[in-house]
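S.K.: Here it is: the structure, laid out below.
The values are calculated or read from the model by the stated rules, or taken from the named source; none is laboratory data. Treat the numbers as computed from the prediction; the structure is a model and nothing was measured. Please note: Cβ atoms are built from the backbone with ideal geometry, for glycine as well, and neighbour counts cover all protein chains shown.
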RNA sequence: GCAUCCGUAGCUCAGUAGGAUAGAGCACAGGAUUCCUAAUCCUGGGGUCACAGGUUCGAAUCCUGUCGGGUGCACCA
């Protein structure tokens with residue numbers, strides 16, 4: 001349950017009462033009323049702007065209206081004290097029982113705490129990674145993979161029916177280059193001296209294996225014949241091999257997809273023709289010539305009549321080509337067909353996670369989605385900025401295996417998938433990110449992964465030690481959720497409970513904004529509160545979790561600690577990181 | 001030239017479904033030890049939220065403009 005909503009409902013009920021008592025006019029716009037946590041504890045637990053928002057339309061002044069509301073709220077069980085403050089805020093302090101009850105809600109819900117029905121079962125398609133099948137994943141891909149995967153989990157937690165999708169770009173010129181590169185390695189495997197890899201082909205060592213595999217399977221079948229004869233088979237063989245590589249990389253990172261869609265298959269099914277025909281019938285397609293780009297004119301610019309889509313009708317800056325001058329489909333055409341396909345599969349809501357280098361592509365794609373769905377579909381594009389891979393502050397070395405980039409696998413092998421995933425979510429996606437291989441393995445608060453995990457491990461340890469000190473206590477979650485927590489009255493304890501109770505709200509707002517990184521920040525804050533309370537036990541033994549000779553107090557504290565661990569685990573689950581039980 | 005993201009503490013960045021006195025970490029100065037460990041915490045200084053208007057009871061947050069920076073900009077993927 002989201003307690004903000006709960007209290008807001010109470011507030012709205014009281015407004016209704018004021019209306020029926022003729023103290024407020026009927027028909028007021030209540031949509032701008034909010035209930036929020038206060039920044040300053042002196043203002044109570046929650047504050048509402050209701051009086052300020054309603055005062056003008058109700059032709060009264062905010063403080064007077066606020067007082068009316070406060071008087072009514074003070075009669076409610078949940079509210080210890082309501083009062084008007086500042087320009088007309090209604091500040092509310094809730095009864096302690098309200099907060100302590102939240103803990104058992106956490107324990108009862110377990111890792112599902114924070115689940116909500118915000119999405120109401122609406123189908124959402126999240127497309128991420130979609131790396132070209134031309135080699136292993138590099139660290140930049142990892143960011144999109146993690147962000148997409150976490151966003152999908154987040155939306156799923158928020159009540160959307162999420163489908164996770166990978167679009168295989170296996171139809172462009174790049175896969176022909178792949179085929180040629182693989183053919184070279186194939187000849188190499190058969191004993192030919194190939195020398196240096198020519199410019200324009202992929203030099204990475206990872207293709208050696210592909211060449212060998214093919215040589216083993218087919219012998220010299222593809223040797224000494226023309227390119228046209230071997231290219232289709234080599235291409236499809238190499239694409240399959242690369243997709244296997246990519247799937248392995250994704251597996252190493254723990255990233256999953258429900259659907260893999262092949263561009264080649266989609267085009268082969270005639271979907272490009274279909275969609276262009278449809279656009280044609282609505283007069284959204286024409287043969288034309290694009291203006292040269294303003295500013296600097298490319299040297300080799302020439303007029304090219306080609307098939308264009310009227311994307312400028314739908315918010316794009318200029319119209320965009322569907323076919324190249326030679327008549328081949330553009331990537332854009334396939335992409336339109338692909339998004340139409342998604343829409344037809346029932347996804348009015350689509351989210352694409354792209355690299356920041358595709359920034360210039362967003363508008364045209366959104367225009368296209370508007371056009372083909374009759375404005376019924378919506379595409380949100382999350383752009384992931386660069387990852388600067390560092391090693392102790394200096395740029396990390398390139399990988400030997402891949403030739404020109406650092407592979408995801410190298411990084412995962414070095415620091416672990418949990419650390420990679422967490423780090424990728426420590427910045428908003430459109431900010432560039434420094435990823436220091438040394439720092440993420442450091443055991444210090446410099447390292448947010450460690451910091452959050454450490455809190456979780458400490459809690460697990462407390463529970464283990466409690467079991468030893470008080471063998472008679474039952475410490476499983478269902479016993480804990482029924483335990484007496486009335487003793488939790490220290491401000492530090494209450495603050496932590498409030499923070500826990502805020503988790504559902506974080507889930508909602510992060511899901512609405514499509515920003516999974518907020519989860520990482522929340523967990524860091526929560527861990528900080530826990531560490532802070534923990535350390536108060538150093539100077540004041542009565543504040544320790546385990547209080548010798550007081551099993552009631554100990555039990556109450558263990559309940560709180562366990563609730564913190566549950567929420568950490570719940571947040572980490574969204575991020576795809578496994579909580580650890582000990583740090584040793 | 002156009003588009004787009006951004007401009008918050010010395011540094012790296014949170015915070016934008018508008019809310020009260022703008023936060024955290026690092027760095028700097030001082031302090032606290034052992035329930036899992038100081039692997040952590042506490043205290044302190046530090047700000048024209050780029051600038052100027054506007055909307056609003058109220059703006060870091062929304063709108064307009066200016067300045068500054070990153071990125072992209074026929075056909076490629």
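S.K.: May I ask you to say which residue of A:204, A:200 is within 25 Å of residue A:234 (Cα to Cα), surrounded by fewer than 24 Cβ atoms within 10 Å (Cβ to Cβ) and without any contact (Cβ under 8 Å) to a residue 40 or more places away in the chain?
M.R.: From the options A:204, A:200, the qualifying one is A:200.
S.K.: I'd like to verify a number: residues in the range A:149-178 that are touching a strand residue (DSSP E or B) at 6+ places or on another chain (Cβ under 6 Å) and either in a strand (DSSP E or B) or within 16 Å of residue A:262 (Cα to Cα) (or both), how many?
M.R.: Total meeting the criteria: 9.
S.K.: Sort through A:493, A:468 and tell me the only one that's in the same structural domain as residue A:553 (by TED's automatic domain parsing), part of a helix (DSSP H, G or I), under 20 Å from residue A:106 (Cβ atoms) and modelled with pLDDT under 90.
M.R.: A:493
S.K.: Let me ask you something else. With respect to residue A:223, is the statement that it is surrounded by 11 or more Cβ atoms within 10 Å (Cβ to Cβ) and in a helix (DSSP H, G or I) true?
M.R.: no
S.K.: Is at least one residue of the range A:15-35 in contact (Cβ under 8 Å) with a residue 60 or more places away in the chain, in contact with a helix residue (DSSP H, G or I) (Cβ under 8 Å, 6 or more places away or on another chain), surrounded by fewer than 14 Cβ atoms within 10 Å (Cβ to Cβ) and not assigned by TED's automatic domain parsing to the domain that holds residue A:508?
M.R.: No, that holds for no residue.
S.K.: Of the conditions (1) surrounded by 20 or more Cβ atoms within 10 Å (Cβ to Cβ); (2) assigned by TED's automatic domain parsing to the domain that holds residue A:561; (3) within 16 Å of RNA strand B (Cβ to nearest atom), residue A:423 clears all except one; give me its number.
M.R.: Status for residue A:423: all satisfied but (2).
S.K.: Moving on to the next point. Do you know which residues across the range A:73-126 are closer than 17 Å to residue A:506 by Cα and in a loop (DSSP other than H, G, I, E, B)?
M.R.: Selection gives A:113, A:114, A:115, A:116, A:117, A:118, A:119.
S.K.: Assigned to a helix (DSSP H, G or I) and away from RNA strand B (no atom under 11 Å from the Cβ) - does that describe any residue in the range A:502-522?
M.R.: yes
S.K.: Looking only at the range A:278-302, count every residue that is more than 15 Å from residue A:368 (Cβ to Cβ) and in contact with a strand residue (DSSP E or B) (Cβ under 9 Å, 6 or more places away or on another chain) and tell me the total.
M.R.: Here the count works out to 5.
S.K.: Still on this model: Taking residue A:63, is it more than 35 Å from the chain's Cα centre (by Cα), farther than 30 Å from residue A:247 by Cβ and more than 13 Å from RNA strand B (Cβ to nearest atom)?
M.R.: Here the answer is no, as residue A:63 does not meet what is asked.
S.K.: Exactly one condition in (1) more than 30 Å from residue A:418 (Cβ to Cβ); (2) within 31 Å of the chain's Cα centre (by Cα); (3) away from RNA strand B (no atom under 14 Å from the Cβ) is not met by residue A:231; state its number.
M.R.: (2)
S.K.: Strands (runs of 3 or more DSSP E) wholly in the range A:227-334 with at least 3 residues that are in contact with a helix residue (DSSP H, G or I) (Cβ under 8 Å, 6 or more places away or on another chain), in contact (Cβ under 8 Å) with a residue 24 or more places away in the chain and surrounded by fewer than 15 Cβ atoms within 10 Å (Cβ to Cβ) - which ones?
M.R.: Qualifying strands (runs of 3 or more DSSP E): none found.
S.K.: Can I ask one more? Tell me, please, whether a residue that is in a strand (DSSP E or B), in contact with a strand residue (DSSP E or B) (Cβ under 7 Å, 6 or more places away or on another chain) and surrounded by fewer than 18 Cβ atoms within 10 Å (Cβ to Cβ) can be found in the range A:341-349.
M.R.: Checked the range A:341-349: no residue is in a strand (DSSP E or B), in contact with a strand residue (DSSP E or B) (Cβ under 7 Å, 6 or more places away or on another chain) and surrounded by fewer than 18 Cβ atoms within 10 Å (Cβ to Cβ).
S.K.: Go through the range A:42-69 and report how many residues are assigned to a helix (DSSP H, G or I), within 16 Å of residue A:11 (Cβ to Cβ) and without any contact (Cβ under 8 Å) to a residue 40 or more places away in the chain.
M.R.: Residues that pass the stated criteria total 8.
S.K.: Right, residue A:130: in a loop (DSSP other than H, G, I, E, B), in contact with a strand residue (DSSP E or B) (Cβ under 9 Å, 6 or more places away or on another chain) and crowded, with 18+ Cβ neighbours inside 10 Å or not?
M.R.: yes
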